[in-house]
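Everything on this sheet refers to the single structure shown next.
The values are calculated or read from the model by the stated rules, or taken from the named source; none is laboratory data. Nothing here was measured: the structure is a model prediction, and the numbers come from that model. Backbone-built Cβ (ideal geometry, glycine too); neighbour counts: all protein chains shown. These area figures cover heavy atoms from the full protein model, side chains too; ligands, DNA and RNA do not enter into them. Shrake-Rupley method; radii C 1.70, N 1.55, O 1.52, S 1.80 Å.
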Amino acid sequence: GNSVTQMEGPVTLSEEAFLTINCTYTATGYPSLFWYVQYPGEGLQLLLKATKADDKGSNKGFEATYRKETTSFHLEKGSVQVSDSAVYFCARRANTGGFKTIFGAGTRLFVKA
Amino acid sequence: DAMVIQNPRYQVTQFGKPVTLSCSQTLNHNVMYWYQQKSSQAPKLLFHYYDKDFNNEADTPDNFQSRRPNTSFCFLDIRSPGLGDAAMYLCATSRGAGQGGSPLHFGNGTRLTVT
């Protein structure tokens, strides 16, 4: 079936460190791929998305590239800030048919000053 | 700004006492969803409405019901809350069929406590 697998957390980094959070998805169909971020006590917010192979989504210094050959959508940021501390969810949604979004388990990021 | 609004932010109810959570949207999206989230785990889809069509997930307990009286509003009714139903409940919206690239728009959630 459809699924999303992302690296387990928590991930703890110092400010200005490089961030990678790995995400892989099942290749059924041609899904759109998303990263959502959840700050404490809030709902999820869209961080970035990519709708087809080789697309790069970017926002707030975060980037992720839709890699069909490796079925991956890894999240990267060159220099993290304390304010980036949150839980990050990778997700997929089919481009045809149903409406269900499949989420990964989430990766908690702590950034230390 | 167009948005998804959930009320209340915090809700305390007693074991077995019915409770209703509400969600409204100004995005005019076809699809509205209710998710349950525990301890920063992945949100778990309970059900969704595509316009007026209700779609229940197979593993959603009968204790959970939903109503969508119009495009803008959707309600989550928990008929007899148990201690295991304490969680954050998230409402989300999206565009519908053929719009796979359309992301989910979430409200800030209602945190339910069952005493």
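Before moving on, here are some points about what is shown:
- Based on the Stokes-Einstein relation at 25 °C and a viscosity of 0.890 mPa s, and on the Kirkwood radius from alpha carbon pairs, region B:53-115 is assigned a translational diffusion coefficient of 180 µm²/s.
- Peptide B:38-46 - average C-beta neighbours from other chains (10 Å radius): 5
- Stretching the chain fully between B:Phe75 and B:Asn28 yields a gain of 15.3 nm (0.36 nm per residue, less the alpha carbon separation).
- Applying a threshold of 22 Å to the alpha-carbon distances of A:Lys68/A:Lys112; A:Lys68/B:Lys44; A:Lys56/A:Lys77; A:Lys60/A:Lys112 flags A:Lys68/A:Lys112; A:Lys68/B:Lys44 as lying beyond it.
- R0 of 22 Å, Cβ-Cβ distance A:Ala17-A:Lys68: FRET efficiency to nearest 0.05: 0.15
- Each part reduced to its alpha carbon centroid, region B:40-108 and region A:23-70 end up 22 Å apart.
- Under the combined filter of DSSP loop state and at most 16 neighbouring Cβ atoms within 10 Å, region A:49-90 retains these GluC sites (Glu not before Pro): A:Glu69.
- Percent RCO, i.e. relative contact order, over region B:49-115, from Cα pairs under 8 Å lying at least 6 residues apart: 26 percent
- Each principal axis of the Cα atoms in chain A has its own extent, and those three values, largest first, are 45, 28, 21 angstrom.
- Counting only protein heavy atoms and using a 1.4 Å probe, the accessible area of B:Asp62 comes to about 110 Å².
- Rough spin-label spacing in nm, given labels placed 7 Å along Cα→Cβ, for B:Val12 and B:Thr60: 2.9 nm
- Solvent-accessible surface of the protein assembly as shown, averaged per residue with a 1.4 angstrom probe and all protein chains in place: 47 square angstrom.
- Pairwise Cα separations in chain B fall into 10 Å bins from 0 onward with the following percentages, short to long: 15, 49, 30, 6, 0.
- Across chain A, Cα pairs under 8 Å and at least six residues apart give a relative contact order of 37 percent.
- Annotation: B:Met3 carries an accessible surface of approximately 90 Å², with a 1.4 Å probe and no ligand, DNA or RNA atoms counted.
- Isotropic mean projected area of the C-alpha convex hull, the protein assembly as shown (nm²): 12.5 nm²
- Sparse-neighbour loop sites [trypsin sites (Lys or Arg not before Pro); region A:35-97; at most 16 other C-beta within 10 Å; DSSP]: A:Lys52, A:Lys60, A:Lys68
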